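Just so you know, all these numbers are worked out from the coordinates, no wet-lab data involved. Because the structure is a prediction, the values reported are computed rather than measured. Backbone-built Cβ (ideal geometry, glycine too); neighbour counts: all protein chains shown.
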Amino acid sequence: MTGAVATGTLRLVLFGPPGAGKGTQAQLLKERLPIDHISSGDLFRHHLSNGTELGELAREYMNRGALVPDEVTIGMVLDRVATMPDGRGFMLDGFPRNTNQAAALDEALAQRGQRIDRVLHIKVDDDELIRRLSNRYICRKCQKPFTRDPRSGEAPKRCDDCADGGEIYQRDDDTADAVANRLAVYHEETAPVLDFYREGGILADIPGEAAVETVNGLVLKALGLTAEV
Ligand code: AP5
Ligand code: MG
Ligand code: ZN
């Protein structure tokens, strides 16, 4: 898919399996586009670390790699979308994750005379996803993802994006069992959403196995943007 889009008002979905690089590419896109990053997983983890009722409910599902029920998830994400200032773009990451969520999103946007402009499907094989997730660490404050150094085996201690260096930790759902379940759930419940967007003509497939910068170039190209700053 080619063609430029109005970048400041862009409404985007970053789609792909666990470990595909949705969060990584969102961080890079934020540097290029004046749009907000709305990650359903980050929202749940924020609730978890604040000890809210919603966080406690989500914990059990997340730690075994299951989807949090739609009754909770859809309201949480669409409330966030509804607070976007008029005309401000956003990128959804990790939502929608089943056809029910996709329909609810479409309907909520249609009520505001809006629609999703592009869905970027980052494709990566399961073996590579498992390798990435077993080496992934994130910042407790801003949730930026990091990778353990392949030679030393060390993860960074502090986040380079947070002013006072947020603590780096490993997610509770990056255990082997939870990852296996997350991948199974992705293939069974989430991947079918691709057909919904493919039929709408807004889906772009992005090969996601190459280096982060290379994938970012493909993402920018799919949005009609050039790689250079
Ligand atoms: P969520 O937080 O959305 O997790 P996920 O979809 O499983 O995806 P990840 O965050 O693990 O992967 P990512 O694609 O962001 O990869 P990243 O950039 O970090 O959801 C967690 C849980 O919350 C769910 O299981 C569910 O329980 C619940 N939930 C969330 N949304 C929900 C919904 N809509 N409905 C119901 N429940 C919901 O990269 C991974 C690693 O790879 C990093 O170390 C990174 O540095 C590295 N990396 C990235 N790109 C590359 C590259 N090109 N080459 C090499 N390494 C790379
Ligand atoms: Mg993520
Ligand atoms: Zn941080």
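Could you tell me which of rounded, prolate or oblate describes the range 80-167, using a ≥ b ≥ c as the square roots of the eigenvalues of the alpha-carbon gyration tensor, with rounded for a/c under 1.5 and, failing that, prolate when a/b is larger than b/c and oblate otherwise? Cα axes put the range 80-167 in the oblate bin.
Estimated translational diffusion coefficient (Stokes-Einstein, Kirkwood radius over Cα pairs, 4 °C, 1.567 mPa s) of the chain: 72 µm² per second. Taking amide H as placed 1.01 Å from N in the peptide plane, residue 13 has its amide H under 5 Å from the amide H of 92, 118, 119, 120, each at least 5 places away in sequence or on another chain.
Sum -39500 (n - 2.57) across every DSSP H segment of at least 4 residues in the chain, then divide by the residue count to get the 222 nm mean residue ellipticity, nearest 500. Roughly -12500 deg cm²/dmol at 222 nm, from the helical runs in the chain. Looking at the chain, the DSSP beta bridges with both ends there are about 25 percent antiparallel.
Computed over the range 1-66, relative contact order equals 20 percent, with contacts defined as Cα pairs under 8 Å that lie 6+ residues apart.
The lysine pair tally for the chain, using Cα distances under 22 Å and a gap of 8 or more places or different chains, is 13. Once a ≥ b ≥ c are taken as the square roots of the eigenvalues of the Cα gyration tensor of the range 17-136, is the result rounded (a/c under 1.5), prolate (a/b larger than b/c) or oblate (a/b not larger than b/c)? Note, shape of the range 17-136 comes out oblate. Placing unit charges on the Cβ atoms of the charged side chains and taking the dipole of the chain about its Cα centre, the candidate lying farthest along the positive direction among 76, 17, 165 is 165. Toward the positive end of the charge dipole of the range 1-126, with +1 on the Cβ of Lys and Arg and -1 on the Cβ of Asp and Glu, the farthest Cα among 122, 65, 95 is that of 122. Once a ≥ b ≥ c are taken as the square roots of the eigenvalues of the Cα gyration tensor of the range 183-229, is the result rounded (a/c under 1.5), prolate (a/b larger than b/c) or oblate (a/b not larger than b/c)? It is oblate, given that a/c is not under 1.5 and a/b is not larger than b/c. Using θ = phi - 60° in the Karplus curve 6.51 cos²θ - 1.76 cosθ + 1.60, the 3J(HN,Hα) couplings for the range 168-173 round to 9, 9, 9, 5, 5, 9 Hz; x is entered for Gly and Pro. For the range 181-198, 3J(HN,Hα) computed residue by residue from phi via the Karplus equation (6.51, -1.76, 1.60; θ = phi - 60°) reads 5, 4, 5, 4, 5, 4, 5, 7, 9, 8, 3, x, 5, 4, 4, 4, 7, 5 Hz, glycine and proline entered as x. Peptide packing for 21-27, 41-47, 152-158 was compared via the average number of neighbouring C-beta atoms within 10 Å per residue; ordered from the highest value, the list is 21-27, 41-47, 152-158.
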